[in-house]
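Enquirer: Dropping the structure in here first, questions after.
The values are calculated or read from the model by the stated rules, or taken from the named source; none is laboratory data. The structure presented is a predicted model; accordingly, all values stated were derived computationally and were not measured. Quick reminder, even Gly has a Cβ in these numbers, built from the backbone with ideal geometry, and neighbours come from all protein chains shown.
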Ligand code: PGA
């Protein structure tokens, strides 16, 4: 199996100093997560500083979003090439907050996934259903459509070179975590849809992951790590979560 991963999505929090401090703290403790890949996703304006702080460590850095276009007159946008140029390795595409608050469609998310790979980044494709969709029994349908938009554009082989983050919308930032069984069921479904090409694809879980619930989630056979929001802003909590993945 490929290396499991634990990713910290800092969202729109912190300032230049707290970003550098958090990155430095994690970098100094990177011996704690031998066997697990750790990636942090600071706000775009702090990327350069965080990349410098993490430079000599095992911590990788990614962006929370990127443009689907390579370059041009797109005021306010940042391209994958620009991110690659400053030393980013990863990028989140299709986070539910981008889908819901910035109207990113499955098609736009797929275009971002493709552009990320073309521009030398590894995309982490975020998928997941809302509470209403789950209650209506549409979880698999929603996730399948979100993934199909990407495979239609780039093919299953390319999708499998990225990472998939299953993040039920109802569990993000709510403190309400999916049970290990609920998460495992969706992960197993996603993996079966990828077929043999997806055997080594990392499928990580996100949504209110913390040091208390991470162990049981990471113990599931198809959960290869976590995408952590709120708890990733606390250095020691995030380190504990990463260590649980090592043990799992
Ligand atoms: P949360 O966020 O851990 O705060 O629920 C997860 C995410 O949005 O990636």
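Enquirer: Out of the residues in region 1-29 that are away from the ligand (no atom under 16 Å from the Cβ) and surrounded by 17 or more Cβ atoms within 10 Å (Cβ to Cβ), which is nearest to residue 208 (Cα to Cα)?
Expert: 4
Enquirer: Determine which single condition residue 135 fails, assuming it passes every other condition in (1) more than 18 Å from residue 187 (Cβ to Cβ); (2) out of contact with any helix residue (DSSP H, G or I) (no Cβ under 8 Å at 6 or more places or on another chain); (3) in contact (Cβ under 8 Å) with a residue 12 or more places away in the chain.
Expert: Tallying (1) more than 18 Å from residue 187 (Cβ to Cβ); (2) out of contact with any helix residue (DSSP H, G or I) (no Cβ under 8 Å at 6 or more places or on another chain); (3) in contact (Cβ under 8 Å) with a residue 12 or more places away in the chain, residue 135 fails exactly one: (3).
Enquirer: Away from the ligand (no atom under 15 Å from the Cβ) and within 21 Å of residue 96 (Cα to Cα) - does that describe any residue in region 203-212?
Expert: Looking for residues that are away from the ligand (no atom under 15 Å from the Cβ) and within 21 Å of residue 96 (Cα to Cα), one finds none in region 203-212, hence no.
Enquirer: As an exercise: evaluate residue 32 against (1) closer than 20 Å to residue 231 by Cβ; (2) touching a helix residue (DSSP H, G or I) at 6+ places or on another chain (Cβ under 7 Å); (3) surrounded by fewer than 20 Cβ atoms within 10 Å (Cβ to Cβ); (4) at pLDDT 95 or above and give the number of the one condition it does not meet.
Expert: With respect to (1) closer than 20 Å to residue 231 by Cβ; (2) touching a helix residue (DSSP H, G or I) at 6+ places or on another chain (Cβ under 7 Å); (3) surrounded by fewer than 20 Cβ atoms within 10 Å (Cβ to Cβ); (4) at pLDDT 95 or above, residue 32 is out only on (4).
Enquirer: Still on this structure, please answer the following. Restricting to region 154-174, give me the number of residues that are farther than 16 Å from residue 188 by Cα, part of a loop (DSSP other than H, G, I, E, B) and more than 8 Å from the ligand (Cβ to nearest atom).
Expert: Number satisfying all stated conditions: 2.
Enquirer: Just checking, which of 146, 184 is within 16 Å of the ligand (Cβ to nearest atom) and within 20 Å of residue 222 (Cα to Cα)?
Expert: 146
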